[in-house]
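Undergrad: A single structure is presented below for examination.
The values are calculated or read from the model by the stated rules, or taken from the named source; none is laboratory data. Predicted model, so just to flag it, every value in this text is computed and none were measured. Don't worry about glycine lacking a Cβ; one is built from the backbone with ideal geometry, like all the others, and counts go over all protein chains shown.
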Amino acid sequence: MKSKTKHKSLIIIGGGSGGLALAGRMARLGLQVGIIDHYAQLGGDCLHLGCVPSKTLLAIAKQGIEGDWEQIKQHINQVRERIQPRYSQQYVEQLGCEVVIGSPKFIDPNQVAIFSRDNLSHVIWQAPKIVIATGTRPMILPVPGLDKTETYTNETIYNLESLPKSMVIIGAGVTGIEFAQAFQRLGVKVTVLVHSERILRTLDKQASELLSAVLKKEGIEIYTRAKIKQATKVNAHKINLVIEHQDTLMTLETEVVFLATGRLPNIENLDLDQAGVPYHAQGIIVDGYFRTKAKHIYAIGDVIAWPHRYAHMAEYSAKIVSRHLYLKNFAPKANLNWVPGVIFTQPEIGSLGLTEQEAQEKKIAYDILYWEFKALDRAIIDSRPQGFIKLLLVKQKVVGATVVCERAGEILAELGLLMQKNLPIQAILETIHAYPTWGESLQRAIQAYLDKQQDKQVMPYFIPWKIISWFCKR
Ligand SMILES: Cc1cc2nc3c(=O)[nH]c(=O)nc-3n(C[C@H](O)[C@H](O)[C@H](O)COP(=O)(O)OP(=O)(O)OC[C@H]3O[C@@H](n4cnc5c(N)ncnc54)[C@H](O)[C@@H]3O)c2cc1C
């Protein structure tokens, strides 16, 4: 086997959302950055198999067109192609990075061997700092017979040759629920199976119940507390699924199965033990600077053992690492108190910080601001009055937020700023919000809450005054 050693300032393993964000930052500062990816096209899950295609599919489905699947796939590819240049090998090479496509393995804490596709040759890269950004892949449920059926994941769903008549989606987290609404709206009869009591179980209960009702109204069947026991392919268009639903066995028929049962970190082939990097089944263990136990090796993005598997969190972790590489321990640590997340269904659900359940578990004494979108002119104009804003407040500061509405994702940004700057909710009232916008909702909600608070304070004086004035009038 041929091998030669190259020296880099920084090696990044994985060229997806996190790896590329970090590469760009460090290359601009003049570091010699090497990127290794085992897939021929950089960009990672978000561009190729995650955010971009799924949000495009949802956008098409939202238009209410029962589509020609070939045209839909073509459109998804066009969207990918338009976004791809910012995440391409050419782009990072222009910034001064070197890219190698191959399979990396740690030889020791500072050296990585990169094997060619045919495994016949390898190069060795050496660096004082190494960052692992290899993301995740779908977890495949070990159900008897499932491997012999038409089973898809977010990685393979775009290989479907035509839209099936029916689809059973196993799993009701973000991926399962987004695809459920998209396919149902495209004319597929969708059934969702979930083993927990409700869909989107980590979100605010009221939000998940509202969305569940919307999905059921659109025709999606949802089986909660359901477990799949056995799959049998009957013919090319029919799969029988034996499920245990609320302690009863039953059989469902479907044309295809879609698995959305969680993610596994891409760590198996990296020989992490050679580098002294600790990990477990959920991912790599890191500290507040995203350093592993081997202090010169970092992990960013989805490969970390954390629940924040979003493209923006991959970028955020890249930002924290880039600062730490320069400023060492003078750099700020990650703050995970206001991580935003959005489910891009219609209505959207946006969440930030704590849910009520989490605040109760942490025994935080909070007050609730609750306001409904039926009082927002924009929502009435758009005929989308469904949804609410729920803020958890401690001393008039937001510690958690759930927003359900057409544009919930956009409304989170202003709330995030409020939390990050530790500002009280009154700060929102100082900003002029354009009328009639979705963003105006926050101002309306806070004003209504503060008015109510004021009424409560005034009420004890108001009632005796009313009585006195009544006597005076007599
Ligand atoms: C269906 C779906 C929809 C999503 N929608 C959203 C959304 O709307 N908004 C959002 O914020 N997030 C969304 N996400 C999550 C988002 O895609 C991820 O959080 C993001 O891609 C994580 O970035 P990353 O850099 O950690 O990993 P990735 O972007 O996955 O990049 C990992 C890179 O590492 C490479 N790699 C993997 N293993 C190896 C190896 N052994 N050696 C070398 N290279 C390797 C891969 O080829 C890839 O290029 C979605 C995910 C899915 C699955």
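Undergrad: Is it true that some residue in the range 286-296 is within 14 Å of the ligand (Cβ to nearest atom) and either modelled with pLDDT of 95 or more or in a loop (DSSP other than H, G, I, E, B) (or both)?
TA: yes
Undergrad: Hey, GLY15 hits all of (1) within 15 Å of the ligand (Cβ to nearest atom); (2) closer than 22 Å to LEU270 by Cβ; (3) not in a loop (DSSP other than H, G, I, E, B) but one; which does it fall short on?
TA: (3)
Undergrad: For the range 228-285, what are the residues that are part of a strand (DSSP E or B), within 13 Å of the ligand (Cβ to nearest atom) and either within 26 Å of PHE179 (Cβ to Cβ) or more than 29 Å from the chain's Cα centre (by Cα) (or both)?
TA: PHE258, LEU259, ARG263, LEU264, PRO265, GLY283
Undergrad: What are the residues in the range 340-390 that are touching a helix residue (DSSP H, G or I) at 6+ places or on another chain (Cβ under 9 Å), outside any strand (DSSP E or B) and hydroxyl-bearing (Ser, Thr, Tyr), if any?
TA: THR345, THR355, TYR366
Yes/no matrix, rows are residues, columns are (1) modelled with pLDDT of 95 or more; (2) near the ligand (Cβ under 6 Å from one of its atoms); (3) buried (at least 24 other Cβ atoms within 10 Å of the Cβ):
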| site | (1), (2), (3) |
| --- | --- |
| LYS4 | no, no, no |
| ILE11 | yes, no, yes |
| LEU22 | yes, no, yes |
| PRO53 | yes, no, no |
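Undergrad: While we're looking at this one, here's another question. I need every pair where a residue in the range 160-188 that is charged (D, E, K, R) has its Cβ under 7 Å from the Cβ of a residue that is within 15 Å of the ligand (Cβ to nearest atom), sequence separation at least 6 or different chains.
TA: GLU178/SER54; GLU178/LEU58; GLU178/ILE343; GLU178/PHE344; GLU178/THR345; ARG185/ALA61
Undergrad: Can I ask one more? Which of the residues that make up the range 92-128 are without any contact (Cβ under 8 Å) to a residue 60 or more places away in the chain and either of a type in the set (Phe, Trp, Tyr) or closer than 15 Å to SER9 by Cβ (or both)?
TA: Within the range 92-128, just PHE115 meets the criteria.
Undergrad: Ok, one more. Considering only the range 271-302, state which residues are polar (S, T, N, Q) and farther than 12 Å from VAL131 by Cα.
TA: Result: GLN274, GLN282.
Undergrad: GLY350 is checked against (1) buried (at least 16 other Cβ atoms within 10 Å of the Cβ); (2) more than 25 Å from the chain's Cα centre (by Cα); (3) among the small types (Gly, Ala, Ser) and fails just one. What number does that condition carry?
TA: (2)
Undergrad: So in the range 148-197, with the set limited to residues that are in a loop (DSSP other than H, G, I, E, B) and acidic (Asp, Glu), which one is modelled with the lowest pLDDT?
TA: So the residue we want is GLU150.
Undergrad: Please name all residue pairs, on different chains or six or more residues apart, with Cβ atoms under 8 Å, provided the first residue is in the range 263-282 and is at pLDDT 95 or above and the second residue is among the charged types (D, E, K, R) and crowded, with 20+ Cβ neighbours inside 10 Å.
TA: ARG263/ASP302; ARG263/ARG309; PRO265/ASP302
Undergrad: Let me ask something else. Would you confirm, using the coordinates I've provided, whether GLN90 is more than 15 Å from the ligand (Cβ to nearest atom) and at pLDDT 95 or above?
TA: Yes; evaluated as a whole, the condition is true for this residue.
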